[in-house]
1. Please state which one of 218, 240, 251 is basic (Lys, Arg), more than 12 Å from the ligand (Cβ to nearest atom) and surrounded by 17 or more Cβ atoms within 10 Å (Cβ to Cβ).
2. How many residues are outside any strand (DSSP E or B), farther than 22 Å from residue 103 by Cα, touching an Asp or Glu at 6+ places or on another chain (Cβ under 9 Å) and of a type outside the set (A, V, I, L, M) if we restrict to region 7-55?
3. Please find, within region 109-122, the residue that is farthest from residue 133 (Cα to Cα) out of those that are of a type outside the set (Ser, Thr, Tyr) and open to solvent by less than 60 Å² (accessible area, probe 1.4 Å).
4. Just checking, which of 83, 178, 140, 170 is within 16 Å of the ligand (Cβ to nearest atom), open to solvent by 20 Å² or more (accessible area, probe 1.4 Å) and either among the β-branched types (Val, Ile, Thr) or outside any loop (DSSP other than H, G, I, E, B) (or both)?
5. So for region 268-277 (the condition being within 16 Å of the ligand (Cβ to nearest atom) and out of contact with any strand residue (DSSP E or B) (no Cβ under 7 Å at 6 or more places or on another chain)), does at least one residue qualify?
6. Does region 61-68 contain any residue that is within 21 Å of residue 228 (Cα to Cα), of a type in the set (Lys, Arg) and at pLDDT 95 or above?
7. Looking at (1) within 12 Å of the ligand (Cβ to nearest atom); (2) open to solvent by less than 20 Å² (accessible area, probe 1.4 Å), which is the only condition residue 106 fails?
Amino acid sequence: MHLCKTASLLPQDDIKMLIIDNDYAHATISLFGGHVLSFIPKHDNVQRLWLSKEAMLDGQHPIRGGIPICWPWFGAHASESGLASHGYVRTQNWHVVDCADEPEQTVVRLKPSTTQGEGFEGETQLSLVLFIGRELRIQLVTENTGSEPLSYTCALHTYFNIDDINQCELTGLDGDYLDKLQDYQRISTPTPYTFNEETDRVHLVTPESLTIVSGNIKTSIQSVGHDSIVVWNPWADKSKSMQDMEDLGYKTMLCVETAVTQGQQVLPGQSHTLEQVIR
Ligand code: TA6
């Protein structure tokens, strides 16, 4: 595996960690799942991503936190209830395809061991391209290498680090959302967008820019190639019920996910890119 000067591999327990350390940022990526776990820009040394202290790093279970890659479906499978939530590539081993040191960033491209799996028909190439510098740009690229059109859903299921969910405002969303906690009822987006209970919403809008402000942490999120934005906080009871989440973990995290939840078609020979930029 060719690595560039700012990249190194740490064999940690059951999974390999790719460490990127350049003049602009430090990042940690689990090769299990192709999963960014940490992104710390060096101009402010503020961790942008949240990772559960109880996350299972056993190379078997999905990792709670960071940026899970949901593909080739988001959430529950549309027709086969026994299949894993959020698809099957977040529990696969990925590998580095190439890695380059650029003047102001490190660019790493990873691929999963396979894109075939139960519940998905289609011949594809899937790449995750990470641009790690003052900002973190993540691109999930799905290429249709078959002879038939394919449809899929996906998400960059990002867990953002925040100071305090009770002092947190999300700006940039308007229109309606589908409330997963109320049978996907269509509801208007609140302003100001603050949090005081379990939240699980699919916003049917495609804003380019969102901001999370919480205490001393202000994070900006740019999205491209999405058809929706998912906002999730499990709150207290659900946090207690999740083995890989500390009981009070919900207080310092907020998922704001750049997503395709309604469906994306890719014609033969074409590709689709889902992108999130974190600053
Ligand atoms: O993106 C929100 C959501 O679909 C929630 O409904 C919740 O299930 C969350 O994802 C976490 O899913 P996971 O399979 O990682 O536990």
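1. Values: 218 fails: surrounded by 17 or more Cβ atoms within 10 Å (Cβ to Cβ); 240 fails: surrounded by 17 or more Cβ atoms within 10 Å (Cβ to Cβ).
Within the list 218, 240, 251, the selection yields 251.
2. Residues meeting the conditions: 5.
3. From region 109-122, those of a type outside the set (Ser, Thr, Tyr) are 109-112, 116-122; that's our starting set.
Filter once more, keeping what is open to solvent by less than 60 Å² (accessible area, probe 1.4 Å): 110-112, 117, 119-120, 122.
Numbers: 110: 17, 111: 21, 112: 23, 117: 34, 119: 36, 120: 34, 122: 34 Å.
Filtering region 109-122 for residues that are of a type outside the set (Ser, Thr, Tyr) and open to solvent by less than 60 Å² (accessible area, probe 1.4 Å), the one farthest from residue 133 (Cα to Cα) comes out as 119.
4. Values: 83 fails: either among the β-branched types (Val, Ile, Thr) or outside any loop (DSSP other than H, G, I, E, B) (or both); 140 fails: open to solvent by 20 Å² or more (accessible area, probe 1.4 Å); 170 fails: open to solvent by 20 Å² or more (accessible area, probe 1.4 Å).
178 is the lone residue from the list that is within 16 Å of the ligand (Cβ to nearest atom), open to solvent by 20 Å² or more (accessible area, probe 1.4 Å) and either among the β-branched types (Val, Ile, Thr) or outside any loop (DSSP other than H, G, I, E, B) (or both).
5. Step one: of region 268-277, the residues within 16 Å of the ligand (Cβ to nearest atom) are 274, 276.
Now narrow it down to the ones that are out of contact with any strand residue (DSSP E or B) (no Cβ under 7 Å at 6 or more places or on another chain): none.
No, every residue in region 268-277 fails to be within 16 Å of the ligand (Cβ to nearest atom) and out of contact with any strand residue (DSSP E or B) (no Cβ under 7 Å at 6 or more places or on another chain).
6. Applying the first criterion (within 21 Å of residue 228 (Cα to Cα)) to region 61-68 yields 65-68.
Going one step further and asking which of them are of a type in the set (Lys, Arg), we end up with none.
Looking for residues that are within 21 Å of residue 228 (Cα to Cα), of a type in the set (Lys, Arg) and at pLDDT 95 or above, one finds none in region 61-68, hence no.
7. The number of the failed condition is (1).
Rundown of residues vs (1) modelled with pLDDT of 95 or more; (2) in contact with a Gly (Cβ under 7 Å, 6 or more places away or on another chain); (3) farther than 19 Å from residue 89 by Cβ, yes/no style:
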{"position": "3", "(1), (2), (3)": "no, no, yes"}
{"position": "10", "(1), (2), (3)": "no, no, yes"}
{"position": "26", "(1), (2), (3)": "yes, no, yes"}
{"position": "37", "(1), (2), (3)": "yes, yes, no"}
{"position": "42", "(1), (2), (3)": "yes, no, yes"}
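The values are calculated or read from the model by the stated rules, or taken from the named source; none is laboratory data. Remember, predicted model here, so these are calculated numbers, not experimental data. Here the Cβ is made from the backbone with ideal geometry for all residues, glycine too, and neighbour counts use every protein chain on show. Accessible surface areas use protein heavy atoms only, side chains included; no ligands, DNA or RNA. Shrake-Rupley method; radii C 1.70, N 1.55, O 1.52, S 1.80 Å.
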